[in-house]
1. Going by what's in this entry, would Arg36 be described as over 17 Å from the mean Cα position of the chain (by Cα), loosely packed, with under 10 Cβ neighbours inside 10 Å, over 14 Å from Ser93 (Cα atoms) and modelled with pLDDT of 55 or more?
2. I need a count of the residues in the range 53-62 that are under 17 Å from the mean Cα position of the chain (by Cα) and either assigned to a strand (DSSP E or B) or modelled with pLDDT under 95 (or both).
3. Pairs needed: first member in the range 86-97, at pLDDT 95 or above; second member anywhere, among the charged types (D, E, K, R) and outside any strand (DSSP E or B); C-beta distance under 8 Å; at least 6 residues apart or different chains.
4. Please determine whether any residue of the range 63-71 is under 15 Å from the mean Cα position of the chain (by Cα), among the polar types (S, T, N, Q) and surrounded by fewer than 17 Cβ atoms within 10 Å (Cβ to Cβ).
5. Would you check if there is a residue in the range 71-78 being charged (D, E, K, R), part of a loop (DSSP other than H, G, I, E, B) and modelled with pLDDT of 95 or more?
Amino acid sequence: MPRSNRPKGHRNGPGEPEANDLSQLRAGWRRSETKRDGEWNVQPISAAQAVKSYLCPGCNLEIAPGRSHLVAWRADGVTGDAADVAGRRHWHSHCWRIK
């Protein structure tokens, strides 16, 4: 039988997070982005997770339930993290890209 050069698996050391951490999967792979007006936290919302209707601030059109989109909030706000999260907005993916 030929030898396999694939790793047998990564073992996490002490203090390392789990490779398939459920909270990270539920978070939707949140990331940080820099736009002209500052730093933003961006989290994708899948079509299965989109159960409500929202108004996109980029085009002022409705984001229908069942349509994938993004949620964005300031990462460098002066008023603090709680106010930044409270000020998050749902954007069409295209509208966010051209912001």
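The values are calculated or read from the model by the stated rules, or taken from the named source; none is laboratory data. Quick caveat, the model's predicted, so the values are computed rather than measured. A quick note on method: Cβ atoms are made from the backbone with ideal geometry, for glycine too, and the neighbour counts reach across all protein chains shown.
1. yes
2. So the answer is 1.
3. Listed by first residue and then by second, the contacts come to Trp91/Lys99.
4. Yes, the range 63-71 contains at least one residue that is under 15 Å from the mean Cα position of the chain (by Cα), among the polar types (S, T, N, Q) and surrounded by fewer than 17 Cβ atoms within 10 Å (Cβ to Cβ).
5. There is no residue in the range 71-78 that is charged (D, E, K, R), part of a loop (DSSP other than H, G, I, E, B) and modelled with pLDDT of 95 or more.
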